[in-house]
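Structure, as structure tokens:
The values are calculated or read from the model by the stated rules, or taken from the named source; none is laboratory data. Not measured: the values here are computed from a predicted model. When we count neighbours, we look across all protein chains shown, and the Cβ atoms used for this are built from the backbone with ideal geometry, even at glycine. Please note that ligands, DNA and RNA were not included when accessible areas were found on the heavy atoms of the full protein model with its side chains. Shrake-Rupley method; radii C 1.70, N 1.55, O 1.52, S 1.80 Å.
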Amino acid sequence: MYAISIFNNKGGVGKSTLTLFMADFLATLSVRGRPLRVLVMDMDPQGSAAAALLGAEGLERVRGSGRGLGRLARDLDVRNAVDLGDFLFKRPRGVPRGRAEPLPEIGVMVSDKASSFAFEVNPLHRLTALRDGLKPELAKRFDVALLDLPGNIDVRNLLAVNALIMSDALVTPVEPSRISINALPDTLEMVRYVRERGGGEMPAFLGLVLNRVDKRSQQFQRNLPWIREMAAGLGVPLFDAVLPNALALSAATDDRLVCDAMRERYGLYYPHVKALVWEVFRRWHHLPGSEGGEGSGGP
Ligand SMILES: Nc1ncnc2c1ncn2[C@@H]1O[C@H](COP(=O)(O)OP(=O)(O)OP(=O)(O)O)[C@@H](O)[C@H]1O
Ligand SMILES: [Mg+2]
């Protein structure tokens with residue numbers, strides 16, 4: 001299983017939105033004739049990604065039952081064993097009319113404030129509880145886990161640090177503005193800390209995704225060379241594909257939006273999102289140590 005954190009320490013840059021795009025499109029790819037089994041781990045107690053996948057009421061029911069990631073991490077740390085089934089939920093496959101490609105089934109794990117806080121206030125909890133206890137178990141059921149991180153975390157956020165330490169790679173959405181790019185060193189600082197505590201080079205940077213792009217705007221055209229230079233200076237690659245600024249794309253995190261087919265969900269923006277997710281997929285398959293193998297269904 002390959003674990004990818006969607007992380008930028010700046011808030012509101014599109015982490016949850018990108019997580020949902022990646023989940024939908026990765027789950028439509030096949031490797032060696034079998035569809036990729038995709039899990040979304042919503043590490044943010046705000047629950048934007050989990051609410052979009054399970055619906056606001058579905059998420060409330062799960063939270064009410066106390067089956068969140070903070071509780072799971074604590075149980076792993078204390079007992080070193082959990083019944084994973086208690087913490088796993090799913091967004092079922094859509095039922096479209098005719099030959100339309102359905103929205104795929106996605107596995108979901110959620111966070112809640114109470115259990116995340118209970119885990120984080122105890123400084124004795126291990127930073128590697130999720131990597132050592134959870135990841136091997138998840139690998140029996142999923143091919144890829146996408147971890148939607150909260151913004152504005154620091155070293156005290158033990159659950160978020162755990163999530164980053166269990167990740168093989170990072171995808172970082174950024175807005176193409178000076179204010180957003182200038183905040184990147186803070187994100188890199190966190191990544192350095194996590195590598196040090198995890199004892200290795202992981203997570204690797206798959207790249208920066210420019211989100212909310214208006215290619216025709218003067219501001220974007222003026223900023224792009226500077227953004228490329230900054231990214232190169234920080235040693236972080238940029239993805240070629242970008243995501244446009246579009247109201248329709250912002251609907252990804254709308255928890256009332258019910259649809260069954262990929263085209264219905266992504267409409268005009270289907271090719272944009274697919275191109276980006278395909279690039280993510282190719283990059284991870286070129287990393288040393290990944291399982292290799294070619295996907296199908298590319299553009
Ligand atoms: N490409 C886009 N076009 C238009 N709106 C977008 C796009 N991407 C994200 N948004 C909107 O921007 C807002 C922030 O996005 P999102 O919640 O995904 O960010 P985030 O980084 O997860 O935020 P947080 O740090 O609070 O978790 C949301 O209202 C979302 O709908
Ligand atoms: Mg978010």
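By accessible area of protein heavy atoms, probe 1.4 Å, what ranking do Thr19, Thr128 get, highest first?
Thr128, Thr19
Of the residues Ala118, Ala27, Ala56, which exhibits the maximal mean-square fluctuation in a Gaussian network model of the chain defined by a 10 Å Cα contact cut-off?
Answer for the Gaussian network model of the chain: Ala118.
Taking 8 Å as the Cα distance limit and 6 or more residues as the minimum spacing, I'd like the relative contact order of the chain as a percentage.
27
Taking all protein chains in place and a 1.4 Å probe, what share, in percent, of the accessible surface of the range 69-183 do carbon and sulfur account for?
Whole-percent figure for carbon plus sulfur exposure: 51.
Which three numbers, in whole Å and largest first, are the semi-axes of the equivalent ellipsoid of the range 175-283 derived from its Cα gyration tensor as √(5λ)?
Equivalent-ellipsoid dimensions as semi-axes: 27, 20, 13 Å.
D for the range 1-145, whole µm²/s, Stokes-Einstein with Kirkwood Rh over alpha-carbon pairs at 20 °C and 1.002 mPa s: what number?
Reported coefficient: 134 µm²/s.
When a/c is below 1.5 the answer is rounded, else prolate if a/b is larger than b/c, else oblate, so apply that to the range 2-275 with a ≥ b ≥ c taken from the square roots of the Cα gyration tensor eigenvalues.
On the way: a/c = 1.73, a/b = 1.12, b/c = 1.55.
Oblate, since a/c reaches 1.5 and b/c is not below a/b.
Out of residues 5 or more away from Ala3 or on other chains, whose amide H comes under 5 Å of its own, with H placed 1.01 Å from N in the peptide plane?
Ala145, Asp168, Ala169
In Å³ and rounded to a whole number, note down the convex hull volume per residue for the Cα atoms of the range 77-153.
Working: hull volume 10.9 nm³, N = 77.
Looking at the range 77-153, the number lands at 141 Å³ per residue.
Where only protein heavy atoms count, and the probe is 1.4 Å, what is the accessible area per residue for the range 2-275 in Å²?
46
Hand me the tally of lysine pairs in the chain: alpha carbons under 24 angstrom apart, and the pair either on different chains or 8 or more positions apart.
13
Please go through the range 157-228 and write out the trypsin sites (Lys or Arg not before Pro) that DSSP classes as loop and that have at most 14 other C-beta atoms within 10 Å.
Here the trypsin sites (Lys or Arg not before Pro) that fit, given the DSSP loop and packing criteria, are Lys215, Arg216.
Say we join alpha carbon atoms closer than 10 Å with springs in a Gaussian network model of the chain; which of Pro96, Pro203, Pro244 then has the biggest fluctuation?
Residue with maximal mean-square fluctuation among Pro96, Pro203, Pro244: Pro96.
Looking at the chain, which longest stretch skips every one of the GluC sites (Glu not before Pro) that is in a DSSP loop with at most 12 other Cβ atoms within 10 Å, leaving the sites themselves out?
Of all site-free stretches, the longest is 1-200.
Which one of Arg79, Arg263, Arg99 has the biggest mean-square fluctuation once the chain is modelled by GNM with Cα springs under 10 Å?
In the Gaussian network model the winner is Arg99.
In the range 2-275, what percentage of the DSSP-assigned beta bridges are antiparallel, given to the nearest 5?
If we restrict to bridges inside the range 2-275, about 20 percent are antiparallel.
Let's see if you can work this out: charge +1 on each Lys and Arg Cβ, -1 on each Asp and Glu Cβ, no other charges. What is the dipole magnitude of the chain about its Cα centre, in debye to the nearest 20?
Value, rounded to 20: 380 debye.
Mind checking the full-extension length gain between Gln221 and Thr128? Use 0.36 nm per residue of separation minus the Cα-Cα distance, one decimal, nm.
Extra length from Gln221 to Thr128 when fully extended: 29.2 nm.
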